[in-house]
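The values are calculated or read from the model by the stated rules, or taken from the named source; none is laboratory data. The structure displayed is predicted, hence computed values, not measured ones. Here the Cβ positions follow ideal geometry from the backbone for every residue, glycine too, while neighbour counts run over all protein chains shown. Each accessible area value is taken on the protein alone, full model and side chains, heavy atoms only, with ligands, DNA and RNA left out. Shrake-Rupley method; radii C 1.70, N 1.55, O 1.52, S 1.80 Å.
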Amino acid sequence: MPAKIIDGKRMALEILARLKRQIAPLSPKPCLAIVLVGDNPASVLYTQKKHEACKMVGMESRNIRLAASASQDEVVSAVRKLNADKGVHGILVQLPLPWHIDENAVLSEIAPEKDVDGFHPENMGRLALGLPCTAPCTPKGIVRMLKESGVRLEGKNAVVIGRSRIVGKPLALMLLNENCTVTVCHSKTRRLGEITKRADIVCVAVGKPNTLVGRMLKKGAVVVDAGTNRVGGRLVGDADFDSVAKKASLATPVPGGVGPMTIAMLIENALDCYRKITRRQ
Ligand code: NAP
């Protein structure tokens, strides 16, 4: 039987509708500041989508644009200004930053309580320790999708392909916190297919089409594809959907899978940051 599709778009719309109802009575409204450095077309598009999502749920958003030539000090100073601004409850610095800017240094400047992406070392450290934290949006969305789809995580063999700060590494930690037995694979991993074949759950976040194909899976595995690649004007994931769908029991599509859930988790994180900040004021 072909795999059932995990409809991330529908799940995300339901979450956004719930968040909208929660935001409606709030005053002042939560405000998310999005810092975009340069004009990388993909980053421009992603930030537009994030502003649109804020608007859709009744959250305010601020668009902070800096030239691609902005210095590290200028970016850091923009972040510090937002940290001090009582009208801003969440800060997101769109990645990647231009090559001459040290991403770690900039992300470490974001006040941890306004760090909606969860990339600050304090939030990442808390995640690693299994403590309450703001968790990165894409992996948080992946775990939510799995749970909402009725996938029991405890005791499962999960393989995460990719070890980036944005997806792979935090996802591995989250699955570990959910009591999965986790294997992390990367560009130096040997015999990837032998490893994935033993997995109950395979999550792929690499940025290369066909990294995962059906013959690399055991029958009935669950597959989550975070990849987004443009191939001949079409958006495709990192998994070959047709062959994967023949082997898997559940699979996420691209588009309409992980992407929409990432945005929903961003809004959820921004609302959580707002609540924590306003409770303290
Ligand atoms: P990244 O920072 O470039 O990391 C890619 C990871 O894949 C690295 O850990 C790399 O290993 C590993 N890798 C590369 N080639 C491999 C191979 N042949 N076999 C196994 N592992 C390999 O990418 P990212 O930021 O995590 O993004 C990954 C994909 O997810 C991209 O397509 C991106 O667009 C997408 N993404 C989607 C969303 C969403 O909301 N849908 C959000 C974020 C990212 P090394 O560490 O050894 O180099």
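Which of the three applies to the stretch 136-259, rounded, prolate or oblate, going by the alpha-carbon gyration tensor with a ≥ b ≥ c and a/c under 1.5 meaning rounded? Here the stretch 136-259 falls in the rounded category.
Taking the C-alpha atoms only, the angle from helix 72-84 to the longest principal axis of the chain is near 70 degrees. Using the average count of surrounding beta-carbon atoms within 10 Å as a protection proxy, the listed peptides 7-13, 150-156 rank, highest first, as 7-13, 150-156.
Which FRET efficiency, nearest 0.05, do Glu194 and Ala42 yield, Cβ-Cβ r, R0 45 Å?
Taking R0 as 45 Å, the efficiency between Glu194 and Ala42 is 0.85.
Within the same chain, aspartates and glutamates fewer than 8 places from Lys156 are excluded, and of the rest, those with a Cα less than 14 Å from its Cα are Glu178, Asp200.
Over the stretch 48-120, with every protein chain in place, what whole percent of the accessible area is carbon and sulfur at 1.4 Å, could you tell me? That share works out to 51 percent. Per residue, the solvent-accessible area of the stretch 154-204 (1.4 Å probe, heavy atoms of protein chains only, all protein chains present) comes to 51 Å². In the assembled protein chains, Met56 presents an accessible area of approximately 90 Å² (probe radius 1.4 Å).
Looking at the stretch 198-281, the trypsin sites (Lys or Arg not before Pro) that sit in a DSSP loop and have at most 10 other Cβ atoms within 10 Å of their own Cβ are Lys219.
Sequentially through the stretch 253-268, phi angles give Karplus couplings (6.51, -1.76, 1.60; θ = phi - 60°) of x, 10, x, x, x, 5, x, x, 5, 4, 5, 4, 5, 4, 5, 4 Hz, Gly and Pro residues having no value and appearing as x. What separates the Cα centres of the stretch 141-156 and the stretch 84-122 is a distance of 28 Å. Given the pairs Lys20/Lys140; Lys29/Lys81; Lys29/Lys114; Lys140/Lys219, which span a C-alpha to C-alpha distance of over 21 angstrom in this model? Those over the limit are Lys140/Lys219.
Annotation: per residue accessible area for the stretch 26-112 equals 49 Å², rounded to a whole number [probe 1.4 Å, protein chains only].
Report, in deg cm²/dmol and to the nearest 500, the calculated mean residue ellipticity at 222 nm for the chain, where each DSSP H run with n ≥ 4 adds -39500 (n - 2.57) and the sum is divided by the residue count.
Helices in the chain give a 222 nm mean residue ellipticity of -13000 deg cm²/dmol.
Of the beta bridges DSSP finds with both residues in the chain, what % are antiparallel, to the nearest 5? Roughly 10 percent of the DSSP beta bridges within the chain come out antiparallel.
Prolate is the label for the chain, because a/c, from the alpha-carbon gyration tensor with a ≥ b ≥ c as root eigenvalues, is 1.5 or above and a/b exceeds b/c.
Counting only C-alpha contacts under 8 Å and six or more residues apart, can you give the relative contact order of the chain as a whole percent?
Numbers: 562 pairs, mean separation 62.0, N = 281.
Relative CO of the chain lands at 22 percent.
The relative contact order of the stretch 136-259 comes to 22 percent, based on Cα pairs under 8 Å that sit 6 or more residues apart.
Contact order for the stretch 26-112, expressed relative to its length and based on alpha carbon pairs under 8 Å spaced 6+ residues apart, stands at 40 percent.
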